[in-house]
Amino acid sequence: MLQKTTFKFDSSSGPSTYGGFNFGCAVEPEDGKIKLLNGAHTCREGLFYNMRSRIRNSSSGGTAQPTDKMRMIFRWYTSQNISKTEMGNNNAWMMRSISVLQAFDRLAGWPLTRVYKLDVGNNNSWLQAYYYHSSRRWMKSSYLVSLYILLVRMCKDERITGFKDFNGLVKVVNAALNSGKSLVVDNNYVKSSLPYWEAIMVGYPKLFRKRKLPYYWDTGRLEGGGTGGAEGVQYLVKGDTKYTEIREELLKIKKQLDAKK
């Protein structure tokens with residue numbers, strides 16, 4: 001359910017340079033107000049490229065990326081006033097995403113995701129926004145941040161509903177994928193990552209608890225000291241990641257889980 005508390009959104013922290021659906025990291029609310037850390041994005045890779053830079057450079061005087069919790073703002077923006085129908089559709093999309101994220105949280109044994117409506121002000125009728133607050137474990141790597149955003153985006157499809165737990169969610173998503181009608185967005189990304197969802201969440205202790213967070217956001221293993229903008233969940237599940245030890249461990253966990261089914 002949507003939380004009863006409403007925060008005021010400081011729109012000056014993230015002007016609407018992107019139309020449609022966009023998102024960005026938020027800082028902890030203060031005095032009932034919340035703002036984006038560094039503007040909005042429409043691309044998952046673009047977001048965690050920025051996050052990686054902030055995590056790596058915070059110790060040298062750069063603006064730090066908060067990692068104590070997952071704090072995201074998801075926004076719907078139009079060039080004109082958002083209609084009541086659009087607002088209703090966006091709200092339904094948001095509500096579906098709460099159910100999905102909480103199914104993942106429960107599977108992993110993490111605190112449940114909470115979502116808050118944002119007051120965007122009377123002069124911002126073109127904007128609709130929500131604040132998502134989740135476990136800090138979602139921040140442990142770019143793969144998890146990428147998956148988190150993918151799950152929210154996936155919920156634009158009205159068929160992602162009617163499940164009670166993670167297994168029920170998998171059945172619902174599989175049914176949609178195999179219906180002959182693609183998901184509204186990210187069909188191929190969802191299809192390729194879905195077989196690994198359980199292994200990523202159940203296997204979190206083996207995949208991401210061995211080392212501290214900076215290790216998983218480092219660029220030391222990337223070719224040419226790359227920025228790692230492409231190190232999203234697709235790189236992990238398809239085997240393109242340069243963090244080969246995580247990929248190998250993921251395959252072991254998945255094999256063990258599959259053997260029990």
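All of the numbers you see were taken from the coordinates with simple rules; none came from a lab. Predicted model only: the values in this text are computed from it and were never measured. Note that we place each Cβ from the backbone using ideal geometry, even for glycine, and neighbour counts take in every protein chain shown.
Computed quantities for the displayed model
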| item | result |
| --- | --- |
| Farthest toward positive dipole pole in segment 6-259 [+1 Lys/Arg, -1 Asp/Glu at C-beta], among P195, V185, P205 | P205 |
| Label corresponding to semi-axes √(5λ) of the Cα gyration tensor in Å when calculated from the structure given, among (1) 30, 20, 17; (2) 49, 20, 13; (3) 28, 24, 16 | (3) |
| Highest to lowest packing among 145-152, 102-109, scored as the average C-beta count within 10 Å | 145-152, 102-109 |
| Magnitude of the charge dipole, segment 6-259, Cβ model with Lys/Arg +1 and Asp/Glu -1, debye to 20 | 460 debye |
| Distance violations [Cα-Cα > 24 Å] among K171/K206; K33/K69; K210/K238; K69/K242; K210/K261 | K171/K206; K69/K242; K210/K261 |
| Where labels lie 7 Å past Cα in the beta-carbon direction, separation of K238 and S179 in nm | 2.5 nm |
